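Here is the structure we will look at.
All of the numbers you see were taken from the coordinates with simple rules; none came from a lab. It should be emphasised that the depicted structure is a prediction, and the values quoted were computed from it without experimental measurement. Reconstructed Cβ throughout: ideal geometry from the backbone, glycine too, with neighbour counts over all protein chains shown.
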Amino acid sequence: MAIPVFVSIARNATVQLQDKEVRGHFMGSEIQLAVEIKNDRALLTEPFNGVLVSMAAKGLNAVNVIVDADQVHVLGNYDPDHITFRCCVSICGTTACCESACLTCNGTTVCC
């Protein structure tokens, strides 16, 4: 089962992606953004800052990517019955809040 990715661009943000301006709300599949499951981890590389995001896959039912003028937020949405410890971590202009978050940018990885 594919995990859906929802993307929201803030109204005040102008975002260029693949030489096109992107706006509004859309599915990640429209910009070839998808979650890949490897072992017990969900992986995606957000295309706005090029940061690899890794999070726990168990109970994950969707990912929201929210882009504003200078920051990208990646939020893992988990099943209500999957109560876990969530944390937030930031690097290279991207913040992820989810269970067991790890971000990799320019060869540096930070985890919580």
(Q) For the stretch 7-70, which trypsin sites (Lys or Arg not before Pro) pass both filters: DSSP loop (anything but H, G, I, E, B) and at most 16 other C-beta atoms within 10 Å? (A) ARG11, ARG23, LYS58
Q: May I have the extent of the alpha carbons of the chain along their three principal axes, as whole Å values ordered from largest to smallest?
A: 37, 30, 22
Q: Starting from the stretch 1-50, pick out the GluC sites (Glu not before Pro) whose DSSP state is loop and whose Cβ has at most 10 other Cβ atoms within 10 Å.
A: none
Q) Using 7 Å Cα-to-Cβ label points, what is the ALA69/ALA10 separation (nm, one decimal)? A) 0.7 nm
Q: Please give the contour-minus-distance gain from ALA62 to ASP81: 0.36 nm per residue of separation, less the Cα-Cα distance, rounded to one decimal in nm.
A: 5.4 nm
Q. Using +1 on the beta carbon of Lys and Arg, -1 on that of Asp and Glu, and nothing else charged, what's the dipole of the chain about the Cα centre, debye to 20?
A. 60 debye
Q) Per-residue HN-Hα couplings for the stretch 95-111, Karplus 6.51 cos²θ - 1.76 cosθ + 1.60 at θ = phi - 60°, whole Hz, x for Gly and Pro? A) 10, 10, 10, 5, 7, 6, 6, 9, 10, 10, 8, 6, x, 10, 10, 10, 9
Q. Residue by residue, what Karplus-based ³J(HN,Hα) values in Hz, rounded to whole numbers, does the stretch 52-65 have, using 6.51, -1.76 and 1.60 with θ = phi - 60° and x for Gly and Pro?
A. 7, 10, 10, 8, 4, 8, 4, x, 6, 10, 5, 10, 10, 10
